[in-house]
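Trainee: Pasting a structure here, questions to come.
The values are calculated or read from the model by the stated rules, or taken from the named source; none is laboratory data. Treat the numbers as computed from the prediction; the structure is a model and nothing was measured. Glycine also receives a Cβ, built like all others from the backbone with ideal geometry; neighbour counts cover every protein chain displayed. For the accessible areas, the whole protein counts, side chains as well, though only heavy atoms, and no ligand, DNA or RNA atoms are used. Shrake-Rupley method; radii C 1.70, N 1.55, O 1.52, S 1.80 Å.
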Amino acid sequence: MSRALACLLLLLAALAVGPAEARRVALVVGIDNYQQVEKLSRARNDATAVAARLTIAGFEVILRTDPDRRALSVALSEFEERLRGAEVGMFFFAGHGVEIRGTNVLLPADIPSTLSETIILREGLLLTDLAQAMSDSGVRYSALIIDACRDNPLPRQAGRSTGRTRGLGRADAPRGTYVVYSAGIGEAALDRLSDADTSPNSVFTRHLLPALAEPGVSLDAAVKQVRERVRTDAAMVRHAQNPAIYDQATGELFLIPSAPRPEAPPAGTAPSVALPPPPGGADATELLFWQSVQLQGQAPELEAYLARWPDGIFAPIARARLAALAAPAPPPRSLPASAPAPLGRDGVQQLQRGLAGLGLDPGPADGTAGPRTTAAIRAFQAATGLPVDGEATEPVLQRLRDGPAPGSGELARGLAAQAPGLLEARNAAEAVRVLELGTRLAPQEAPLWLMLGDAQRDRGANDAARRAFSQAQRAGAGTPVAEEAQRRLAALPAATPAAAGTQPGVQPGAPAPPGRCGVSFAGVRSQDGLTGFAFRNSCATPMAFRAECPGAPALARGDLTVGPNSGTVVWAPARGAAQACRVTSSRAR
């Protein structure tokens, strides 16, 4: 170890004493090893990872894993004691929770398996009591993040259950308190997406962790981004999970500021940081060095950390902070006095043209915000972190004009997130439309194809579902999504070939060889004395092709084109009865 590093670590040890101004205190709890009810597998991982993130953000962290009722009570007493004189208090819980008689109860590791609601209320941690205790401590900002909305683990007997069957109920947050549930009222939060899901964290927490590390992003903005990502992931496995936010806080909480931190105060008055066990992958030396970087927050310290640990556990955060320091400071944020007014006709037309340029298909630029325009706005809002309400307002148009264009993958996920609600509202046609649009924007996203196949199957379009599931296999080759697509393909009814002499327009083309994509003939139709020859491209890229069509020899004289995962109709004057075409060659454009 270099002399400079040794001195830095000794200095850190000397500074980690005494109280601090603007102290932040967090209690983080994760319980997997329930003694009498169903065990969990990711809650401790969630708590340990969140504790590491909050330590990085300057919190004094109290971390408890698998506490019984007594250990949880001791931790709560310590938490309440430390909150005195603190500026911010945060509580994170991963484990089991139930709603009983309108009260949300978090369950310790030794909760009994009982049908007595009175016992559960007495032995569990009442969320309302905890929120009130945090408020009474005098902290300016209290935050409670609860990833405990899994299925009720308590017994059911003869139609009777202890508490709500699944999920938690509404939270009545005291003033100054910000509460987040990983799922909405009565919803179950997913611990994993499937049996093949290898993530060490729950679906909610895996998205929360990177959001907590983003410099210059408020907790509220970060949680709203997490909510959209969780909705999308859950929808891909046909599950509804909508994280709920109950905001009674005053002001905003920025976990990691975008601007440089002030110089460290003199020795003896610097922030006191309680260090949990080093997070996975970080040794004690690296963690202590990073804590010293936290005290300064300037570019030289961040660069020194990256030089010493270029692949360290905190390296992505260090690089993000360096980028933030190099960027111009954002203008001061101000809250609007009221909701933004809707755009006029001209403004809506500008918005429609801009959304069309992103490939979101808002319909004609007629100045009327109909359903297609609303769906396009919602996708754009989700992709850019704006509040998702589908309204055509000035902030949306301003972001479209001045901000960087969002990625096609984010736009596609913003579209896909709307599909479950549309299906619940029995609007399968619109669900299919937004999913098809999403697959055109991001054809490499295998889960989108899986969702599209489900939507097509549910409306009885088995051939279209088969094409979507096949594309999911190709796009997700080697992943669990491809395996799931194969299972759903196998469950579809066998395709029935059309007999000769069927109606024009429904003649099937020869499918592409198994495991390969290609262009195939899809049928003929007649209109206004012309014959249309339909072709289908099952590839994720535009294709150029040639075809021989008896009665329409002109089609063989040059290349025809068709977009990715879509179809085209070529019109020509046909001689005699229309007959099936044969694709003679095709290539990617």
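Trainee: Look through segment 93-109, keep the residues that are farther than 14 Å from residue 185 by Cβ and either of a type in the set (Gly, Ala, Ser) or part of a loop (DSSP other than H, G, I, E, B) (or both), and return whichever of them is most open to solvent (accessible area, probe 1.4 Å).
Mentor: Among them, the one singled out is 101.
Rundown of residues vs (1) modelled with pLDDT of 85 or more; (2) not hydroxyl-bearing (Ser, Thr, Tyr), yes/no style:
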| position | (1), (2) |
| --- | --- |
| 101 | no, yes |
| 105 | yes, yes |
| 111 | yes, yes |
| 118 | no, no |
| 129 | yes, yes |
| 142 | yes, no |
| 146 | yes, yes |
| 152 | no, yes |
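Trainee: Here are some conditions: (1) modelled with pLDDT of 90 or more; (2) open to solvent by less than 40 Å² (accessible area, probe 1.4 Å); (3) under 26 Å from residue 113 (Cβ atoms). Residue 37 meets all but one. Which one does it not meet?
Mentor: All conditions pass for residue 37, except number (1).
Trainee: Let me ask something additional. Given (1) assigned to a helix (DSSP H, G or I); (2) open to solvent by 40 Å² or more (accessible area, probe 1.4 Å); (3) touching a Pro at 6+ places or on another chain (Cβ under 7 Å), where does residue 113 come up short, assuming only one miss?
Mentor: (1)
Trainee: Next question, about the same structure. Taking segment 289-320 as the search range and keeping residues that are more than 32 Å from the chain's Cα centre (by Cα) and open to solvent by 50 Å² or more (accessible area, probe 1.4 Å), which one is modelled with the lowest pLDDT?
Mentor: Here the residue is 296.
Trainee: May I pose another question? Name the single residue, out of those in segment 35-71 being in contact with a Leu (Cβ under 7 Å, 6 or more places away or on another chain) and in a loop (DSSP other than H, G, I, E, B), that is farthest from residue 86 (Cα to Cα).
Mentor: Top of the filtered list is 37.
Trainee: Considering only residues that are assigned to a helix (DSSP H, G or I) and over 13 Å from residue 379 (Cβ atoms), look in segment 400-420 and name the one that is modelled with the lowest pLDDT. Quick ask: steps written out before the conclusion?
Mentor: Of all residues in segment 400-420, those assigned to a helix (DSSP H, G or I) come to 400-402, 408-416, 419-420.
This time we only want the ones that are over 13 Å from residue 379 (Cβ atoms), so: 401-402, 420.
Numbers: 401: 84, 402: 83, 420: 78.
Going through the qualifying residues, I end up with 420.
Trainee: Working carefully through the options 383, 369, 365, find the one that is open to solvent by 10 Å² or more (accessible area, probe 1.4 Å) and at pLDDT below 85.
Mentor: Numbers: 383 fails: at pLDDT below 85; 369 fails: at pLDDT below 85.
Every option except 365 fails the conditions.
Trainee: Pull up segment 22-34, narrow it to residues that are open to solvent by 40 Å² or more (accessible area, probe 1.4 Å) and in a loop (DSSP other than H, G, I, E, B), then point me to the one that is farthest from residue 89 (Cα to Cα).
Mentor: Going residue by residue through segment 22-34, those that are open to solvent by 40 Å² or more (accessible area, probe 1.4 Å) are 22, 24, 33.
Filter once more, keeping what is in a loop (DSSP other than H, G, I, E, B): 22, 33.
On the way: 22: 11, 33: 26 Å.
Top of the filtered list is 33.
Trainee: Okay, next question. Out of all the residues in segment 85-96, is one or more farther than 27 Å from residue 210 by Cβ and of a type outside the set (Val, Ile, Thr)?
Mentor: So far as segment 85-96 goes, yes, one or more of its residues are farther than 27 Å from residue 210 by Cβ and of a type outside the set (Val, Ile, Thr).
Trainee: From the list 64, 42, which residue is modelled with pLDDT of 90 or more and either touching a Cys at 6+ places or on another chain (Cβ under 6 Å) or open to solvent by 10 Å² or more (accessible area, probe 1.4 Å) (or both)?
Mentor: Working: 42 fails: modelled with pLDDT of 90 or more.
None of the others qualify; the one that does is 64.
Trainee: Does segment 56-76 hold any residues that are among the β-branched types (Val, Ile, Thr) and either free of Cβ contacts under 8 Å to residues at least 40 places away in the same chain or closer than 23 Å to residue 315 by Cβ (or both), and which are they?
Mentor: From segment 56-76, those among the β-branched types (Val, Ile, Thr) are 56, 61-62, 65, 74; that's our starting set.
Within segment 56-76, 56, 61, 65, 74 meet the criteria.
Trainee: Answer with yes or no whether residue 267 is more than 25 Å from residue 142 (Cα to Cα) and modelled with pLDDT under 50. It would help to see each step written out before you state the result.
Mentor: Numbers: more than 25 Å from residue 142 (Cα to Cα): yes; modelled with pLDDT under 50: yes.
In short, yes.
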